[in-house]
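The values are calculated or read from the model by the stated rules, or taken from the named source; none is laboratory data. This is a predicted model, so every value here is computed, not measured. All Cβ positions, glycine included, derive from the backbone under ideal geometry; neighbour counts span all protein chains shown. Note: accessible area is taken over every heavy atom of the protein model, side chains too, but ligands, DNA and RNA are not part of it. Shrake-Rupley method; radii C 1.70, N 1.55, O 1.52, S 1.80 Å.
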Amino acid sequence: MSTTGDGTRAVRAGLPEPEQYEPTLPGPVFAAHFHLSGEPVGPYTYGRETNPTWTHLERAIGELEAPGEQVGTTVFASGMAAVSAVLLSRTRMGDVVVLPDDGYQALPLVREQLEAYGVEVRTAPTGGNAQLELLAGAKLLWIETPSNPGLDVCDVRALVEAAHAAGALVAVDNTLATPLGQRPLELGADFSVASDTKGMTGHGDILLGHVTCRDPELTAGVRRWRKVVGAIPGPMEAWLAHRSLATLQLRIDRQCTTALALAEALSGRTDVAALRYPGLPGDASYPTAVRQMRRFGSVVSFVLADEATAERFLAGLRLVDDATSFGGLRSTAERRARWGGDAVPEGFIRFSVGAEDPEDLLADVARALDEAAR
Ligand SMILES: Cc1ncc(COP(=O)(O)O)c(C=O)c1O
């Protein structure tokens, strides 16, 4: 499968060998336990440890994360379950962990937890590879690129090289890019982590996360953690996720193309400030993004004059839901400062581009901006 294109890989990812009279993608297996006599040896024993529906999905994600390679993927009940599985299972009292200070807004909660366990946490911004300065003595480096919501990008290869030289493992939160946009393991990272609630599944109807590693020992640690905390996805969610992966390339290509068109349109407007899109030539992230990304994501961010203008804009949109999250087929946008967790201005908009016709979406945005400015 390694020589095929992304679309071909996506539609077949993780499917079992064809069997007469069996479906292409077997349905969800609802089981708390499996028939098991004698020694309790797998593959399927108890439902908190393994499930055939996860196995198919984990193979599929692995094929997208590292085409043609043997990797281990572990699926979780949510992105945060996957994030915590790496950060909390790998660290011990006295360890040093380097986090971004501009990452997903729940990361500071994990930081608090790490510090409560006696872990030293250092933070630096994603842009400018600022985390490079903090690696001496570190055990784990956590990268989020592009960062959410600021859309800054750091040089994964350079950070991995420095972290490994310092003896630290590297995890990349790849939520925004998805494996079709960026393959962290190819860039040298030890863990590729994502919230699959977003672009990976793309329908805005399930929460899910995953961790993929090359090193079987690292995978075993992550799996052990899942068993300990029980942060497992339901079989229905896992099956829906697998079904959604078949359209990943179609969705992501459409969303990325429209996101660039939206960014280009916004760049010509005087009422839009601090526009960010990593795929926009001229964006501060672009030079690094083109070297390590294959698609630039569905999220565009920008700043409007103030809170009231931003709220008028959001209320004026007809084709875009005022909602959080991103990566879905239906465009969403939100005034990010309403949550209070990100260092962004009151008028900061995080806009997630969906699969609508580009001309309809761009017209809707232009009209809502014109009306909000009045
Ligand atoms: C970059 C990033 N990582 C992790 C998460 C957490 O994912 P979940 O909401 O699926 O737990 C999110 C959620 O928005 C995210 O944006």
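Can you find a residue that is within 12 Å of the chain's Cα centre (by Cα), within 30 Å of V365 (Cβ to Cβ), of a type in the set (A, V, I, L, M) and not in a loop (DSSP other than H, G, I, E, B) anywhere in region 204-227?
No, there is no match, as no residue in region 204-227 is within 12 Å of the chain's Cα centre (by Cα), within 30 Å of V365 (Cβ to Cβ), of a type in the set (A, V, I, L, M) and not in a loop (DSSP other than H, G, I, E, B).
Quick one: V98 ticks every box in (1) closer than 20 Å to C213 by Cβ; (2) assigned to a strand (DSSP E or B); (3) within 16 Å of the ligand (Cβ to nearest atom) except a single one, so which number is it?
(3)
Would you tally the residues in region 281-313 being surrounded by 18 or more Cβ atoms within 10 Å (Cβ to Cβ) and under 20 Å from the mean Cα position of the chain (by Cα)?
Adding up the residues that qualify gives 12.
Residue check: is D196 among the acidic types (D, E) and either within 13 Å of the chain's Cα centre (by Cα) or open to solvent by less than 10 Å² (accessible area, probe 1.4 Å) (or both)?
Against the criterion (among the acidic types (D, E) and either within 13 Å of the chain's Cα centre (by Cα) or open to solvent by less than 10 Å² (accessible area, probe 1.4 Å) (or both)), D196 qualifies.
Restricting attention to region 262-280, report how many residues are open to solvent by 30 Å² or more (accessible area, probe 1.4 Å) and closer than 17 Å to F313 by Cβ.
Selection size over region 262-280: 10.
Are any of the residues in region 217-226 on the phi < 0 side of the Ramachandran plot, β-branched (V, I, T) and open to solvent by less than 10 Å² (accessible area, probe 1.4 Å)?
Yes: region 217-226 contains one or more residues that are on the phi < 0 side of the Ramachandran plot, β-branched (V, I, T) and open to solvent by less than 10 Å² (accessible area, probe 1.4 Å).
With respect to the numbered conditions (1) out of contact with any strand residue (DSSP E or B) (no Cβ under 9 Å at 6 or more places or on another chain); (2) within 16 Å of the ligand (Cβ to nearest atom), which one is the sole condition not fulfilled by A158?
Answer for A158: the failing condition is (2).
For region 46-56, check the following and say yes or no: at least one residue is in a loop (DSSP other than H, G, I, E, B), open to solvent by 20 Å² or more (accessible area, probe 1.4 Å), more than 16 Å from the ligand (Cβ to nearest atom) and touching a residue at least 24 places away in the same chain (Cβ under 8 Å).
Among the residues of region 46-56, at least one is in a loop (DSSP other than H, G, I, E, B), open to solvent by 20 Å² or more (accessible area, probe 1.4 Å), more than 16 Å from the ligand (Cβ to nearest atom) and touching a residue at least 24 places away in the same chain (Cβ under 8 Å), which makes the answer yes.
Can you name the residue in region 191-220 that is within 10 Å of the ligand (Cβ to nearest atom) and charged (D, E, K, R) and, of all such residues, is farthest from V299 (Cα to Cα)?
Here the residue is D196.
Criterion first (under 19 Å from G268 (Cβ atoms) and buried (at least 21 other Cβ atoms within 10 Å of the Cβ)) does V320 satisfy it?
Judged against the criteria, V320 is not a match.
Can you tell me how many residues within region 316-344 are out of contact with any helix residue (DSSP H, G or I) (no Cβ under 7 Å at 6 or more places or on another chain), closer than 19 Å to R276 by Cβ and away from the ligand (no atom under 15 Å from the Cβ)?
2
Hey, can you tell me all the residues within region 19-34 that are open to solvent by 70 Å² or more (accessible area, probe 1.4 Å) and either farther than 17 Å from T55 by Cβ or in contact with a strand residue (DSSP E or B) (Cβ under 9 Å, 6 or more places away or on another chain) (or both)?
Q20, Y21, H33
When the residues of region 1-18 are filtered to those that are touching a Leu at 6+ places or on another chain (Cβ under 8 Å) and in a loop (DSSP other than H, G, I, E, B), which remaining residue is farthest from T53 (Cα to Cα)?
The selected residue is A13.
Mind listing just one residue for me: the one in region 102-155 that is under 19 Å from N174 (Cβ atoms), part of a loop (DSSP other than H, G, I, E, B) and open to solvent by 30 Å² or more (accessible area, probe 1.4 Å) and, of those, nearest to the ligand (Cβ to nearest atom)?
For region 102-155, the residue satisfying everything is Y104.
Tally time: how many residues in region 85-95 are among the small types (G, A, S), under 23 Å from A136 (Cα atoms) and not in a loop (DSSP other than H, G, I, E, B)?
Adding up the residues that qualify gives 1.
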